Amino acid sequence: MLHVEHLTFCYRRRETLSDLSFDVNLGEVVVVLGPNGSGKSTLLRCLCQILRPRNGLVTLNGGRLNSLSAEQIARKIAYVPQRLETAPFSVFDAVLLGRKPYFTWSPSPTDFQRVEEMLYRLELESFAQRPLHQLSGGEVQKTALARALVQEPELLLFDEPTSALDLKNQIDILRLVRDMIREKNIMAVMSIHDLNLAIRYADRFLLLKDGRLIGDVSRGELQPDVIEYVYGIPMEIHTSEKKVSFIIEKTFPN
């Protein structure tokens, strides 16, 4: 379990996250929702200790993260930023970097095996020797996901994993994340701008506004008035006969 208690972060004396408390359970995909500037990316960076909170407690499966070294954190948490660095790496080498926390002097046969298995699982084996800059957006995101998963983390953090993808690749990536979380019984926290993608793949939602936690709700508990308050736009939630929910604006501008 990820446990966050009274988390506060300040940037240049300005409080950007204020007194956040929540839990994430094993097997859960939790999506952080909120407008630009609400603190979504800052929260993810605090959870993986890239940013150090001013106050509060963050524990992962009982261990305090602020007491761990960077290498120890890298064995427990995988963080995928909005953009994967497309330096002159092949796909194989980029994914192999996810095993770096386990290196002694150089990669072991086990490290190479883990990479090969993950490339096969994500259908990237035919791209293994291709440079990252020659990949499509969807292939780059799959590579980022593969690198995160070969870390064998307890917690996956994603910052806008679908921001530059077409609809098919958005669905493919989020389905992969959800399936891997269930299979490995780990946890994921991600920020997503698209509300309809979020409601389709998330188990729970954390709603942020101005750095404050406005709601912590399951998919079935998500209400239009909370979304309206967070985003400042009237919303409706509709559910089809197949029990697929989607969110639309109540009114459309001329």
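Could you give the C-alpha radius of gyration of region 60-121 expressed as a fraction of 2.2 N^0.38 Å, taking N as the number of residues it contains?
Computed over Cα atoms of region 60-121, the ratio equals 1.27.
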Next item on the list: Only Cα pairs under 8 Å and at least 6 apart count here; give the relative contact order of the chain as a rounded whole percent.
Entry: 26 percent
Checklist line | Spatial separation of Cα centroids for region 81-147 and region 56-74, in angstrom | finding: 25 Å
Next item on the list: Over 23 Å between C-alpha atoms is what I'm after, so list which of Lys76/Lys168; Lys168/Lys209; Lys40/Lys76; Lys100/Lys168; Lys184/Lys209; Lys76/Lys184 land there.
Entry: Lys76/Lys168; Lys168/Lys209; Lys100/Lys168; Lys184/Lys209
Notebook entry, point to check: Of all DSSP beta bridges located in region 2-249, what percent are antiparallel, nearest 5?
Noted result: 60 percent
Check: Stokes-Einstein D for region 1-74 at 37 °C, 0.692 mPa s, Kirkwood Rh over Cα pairs, in µm²/s?
Finding: 255 µm²/s
Next item on the list: Show the residues, 5+ positions off or on another chain, whose built amide H is closer than 5 Å to the amide H of Met235.
Entry: Glu228, Lys250
Next item on the list: Please pull out the direction-averaged projected area of the chain, using the convex hull of its alpha-carbon atoms, in nm² to one decimal place.
Entry: 15.4 nm²
Item checked: Sparsely packed chymotrypsin sites (Phe, Trp or Tyr not before Pro) within region 70-127, loop by DSSP, other Cβ within 10 Å at most 13 -> Phe103, Trp105
Margin query: From the alpha carbon gyration tensor of region 103-254, can you work out the equivalent ellipsoid semi-axes (sqrt of 5 times each eigenvalue) and give them in Å, largest to smallest?
Written below: 35, 17, 14
Check: Do the sum for the chain: with -39,500 (n - 2.57) for every DSSP H run of n ≥ 4, divided by all residues, what is the mean residue ellipticity at 222 nm, to the nearest 500 deg cm²/dmol?
Finding: -9500 deg cm²/dmol
Next item on the list: Could you work out the Kirkwood radius for region 139-223, taking every pair of different alpha carbons, averaging 1/r and inverting it, reported in Å?
Entry: 13.7 Å
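Each value in this text was obtained by applying a stated rule to the coordinates, not by laboratory testing. No experiment lies behind these values; they were computed from the predicted model shown. Methodologically, a virtual Cβ is constructed for each residue, glycine included, from the backbone with ideal geometry; neighbour enumeration extends over all protein chains shown.
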